[in-house]
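What follows is a short report on a single structure.
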Amino acid sequence: MHARSTDLHWETKLLSIVLLVTSLTWSCSSATSADHHELFKEYFTPTENDLVKTDSGEAAQRLNEQAFRLYDQQRYDQALILFDELLKGEKTPDLLFFKGNTLLTLGQFQVALDVFLEVPEDHERFADSQWYAGLASLRMDRITQAKVHLSQAATAENGSFKAKAKQLLRLLD
């Protein structure tokens with residue numbers, strides 16, 4: 001009877017240790033996830049429309065004007081529909097860039113990342129696309145991938161987010 005009691009006591013201690021290690025591992029990883037989500041919120045702002053003028057009083061007749069007017073009005077779900085329609089004709093880097101921003105705003109992180117990665121390296125929006133690709137990766141807790149994109153944004157000759165990318169990279173190390 002005593003041997004059985006000792007075995008039960010040992011098993012209980014082992015189970016307690018396993019549960020403690022499991023809960024610590026889970027809490028550490030979820031805290032990290034939460035931190036990355038907070039960093040995303042802190043650093044993400046959709047880019048301003050610098051492509052199509054939408055401030056005229058008359059109703060926009062062209063599809064791209066309508067898409068960017070909706071984007072400017074922060075009606076992202078409707079803008080996305082029109083960006084998709086426009087991209088059926090020609091996949092211009094500028095349209096891809098704004099579609100990616102729209103998707104990030106709507107919380108469609110993987111699709112946004114895929115779109116940002118379509119912007120060619122030789123296009124003027126490439127560095128900024130890498131910034132947003134880094135943010136999308138960060139939000140999905142893909143830290144290594146985020147660092148790669150943010151490094152490209154931080155070291156690019158041109159780009160609006162060079163300083164922010166460097167700052168965010170320091171926070172991720």
Within the range 60-98, how many residues turn out to be over 13 Å from N49 (Cα atoms) and of a type in the set (S, T, Y)?
-> 1
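For (1) at pLDDT 85 or above; (2) part of a helix (DSSP H, G or I); (3) over 17 Å from D141 (Cα atoms); (4) not assigned by TED's automatic domain parsing to the domain that holds G159, each residue gets a yes or a no:
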| residue | (1), (2), (3), (4) |
| --- | --- |
| H36 | no, yes, no, yes |
| L39 | no, yes, no, yes |
| N49 | no, no, yes, no |
| D94 | yes, yes, yes, no |
| V119 | yes, no, yes, no |
Among A112, A67, which is the only one that is buried (at least 22 other Cβ atoms within 10 Å of the Cβ), small (G, A, S) and more than 13 Å from the chain's Cα centre (by Cα)?
-> A67
So is A163 in contact (Cβ under 8 Å) with a residue 24 or more places away in the chain and either among the hydrophobic types (A, V, I, L, M, F, W, C) or over 14 Å from L39 (Cβ atoms) (or both) or not?
-> no
Taking the stated definitions as given, is L168 over 25 Å from E38 (Cβ atoms) and of a type outside the set (D, E, K, R)?
-> no
If you check A165, A127, which single one turns out to be of a type in the set (A, V, I, L, M) and either buried (at least 24 other Cβ atoms within 10 Å of the Cβ) or more than 15 Å from T47 (Cα to Cα) (or both)?
-> A165
Run down A79, A153, A67, A127 and say which single residue is of a type in the set (A, V, I, L, M, F, W, C), closer than 23 Å to D35 by Cβ and part of a helix (DSSP H, G or I).
-> A153
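The values are calculated or read from the model by the stated rules, or taken from the named source; none is laboratory data. Note that the coordinates shown come from a computational prediction; the quantities given were computed from them, not determined experimentally. Because the Cβ atoms are built from the backbone with ideal geometry, glycine has one as well, and the counts that use them run over all protein chains shown.
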